[in-house]
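Remarks on the structure that follows.
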Amino acid sequence: MTVRGALRVRPSLRTQRRLTRGMQVLLAAIVVYGAVFGQPKAITNGGLGLFVTFVPAILERNYDMPLDPWLGVWITSAVFLHTLGSAWFYAQIPWWDHLTHALSASLIAGAGYTTLRAVDLHSDEISIPSRFAFVFILVVVLAFGVVWELFEFALDIVADETGISMPLAQFGLDDTVLDLMYNSVGALIVATFGQAHLTGVAERAREALYGAIDDRS
């Protein structure tokens, strides 16, 4: 199927926005549940997740950088599935953690590629080959994954020392290796297919960059 054909068969903009709004309502419900029943983990994960879902609207309002509604669904789905996992699914469904790691890694990969491509488009003196972009996406995601695992390890130390329940935790070396592996899966998907679909986002990021520079000059 061609890209044009894929665009014709995907859900309407109204459906995409409804999906996003529905997930935001459920995230807000998780925060309310945490507040009513004294569950700080639900409040933390639900609150942070809900904030992230408004990032596309903030970019459009403050930086005049409208994003495709499907990107909003992508972002919202990542934080929504992670919040559900923290609330219950991580402990009950073994592969749920792999799903959320791959999806979150794909978001990091998409953000990394969009930034790289925007810099490439911004300057005529910079030319970034697609092969380099492929490697760059992988390196960014792998590096972010290592930092994230170190962050979880630090939270485990704090939890052991203070007795405070943390919103994130590690479950041994095998879990860490699997996390990094599924991070790589998400990065590979974006590196292979994302370059053809994220160029428009990068062009809008470049226009926003030009606008910010013009406003300061």
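The values are calculated or read from the model by the stated rules, or taken from the named source; none is laboratory data. Keep in mind it's a predicted model, so treat the numbers as computed, not measured. Cβ: placed from backbone, ideal geometry, glycine included. Neighbour counts: every protein chain shown. Please note that ligands, DNA and RNA were not included when accessible areas were found on the heavy atoms of the full protein model with its side chains. Shrake-Rupley method; radii C 1.70, N 1.55, O 1.52, S 1.80 Å.
Annotation note: of Val147, Val185, Val201, the sole residue that is at pLDDT 80 or above and surrounded by 12 or more Cβ atoms within 10 Å (Cβ to Cβ) is Val185.
Quick one: which residue in Ala159, Ala154 is modelled with pLDDT of 85 or more, part of a helix (DSSP H, G or I) and among the small types (Gly, Ala, Ser)?
Just a single option satisfies the conditions, and that option is Ala154.
A residue that is acidic (Asp, Glu) and surrounded by fewer than 20 Cβ atoms within 10 Å (Cβ to Cβ) occurs somewhere in segment 163-180.
Taking the condition farther than 26 Å from Phe171 by Cα, crowded, with 20+ Cβ neighbours inside 10 Å, in contact with a Gly (Cβ under 9 Å, 6 or more places away or on another chain) and hydrophobic (A, V, I, L, M, F, W, C), does Ile108 pass? No; evaluated as a whole, the condition is false for this residue.
Per the conditions (1) over 29 Å from Gln39 (Cβ atoms); (2) without any contact (Cβ under 8 Å) to a residue 24 or more places away in the chain; (3) open to solvent by 40 Å² or more (accessible area, probe 1.4 Å); (4) of a type outside the set (Phe, Trp, Tyr), the sole criterion not satisfied by Ile128 is (3).
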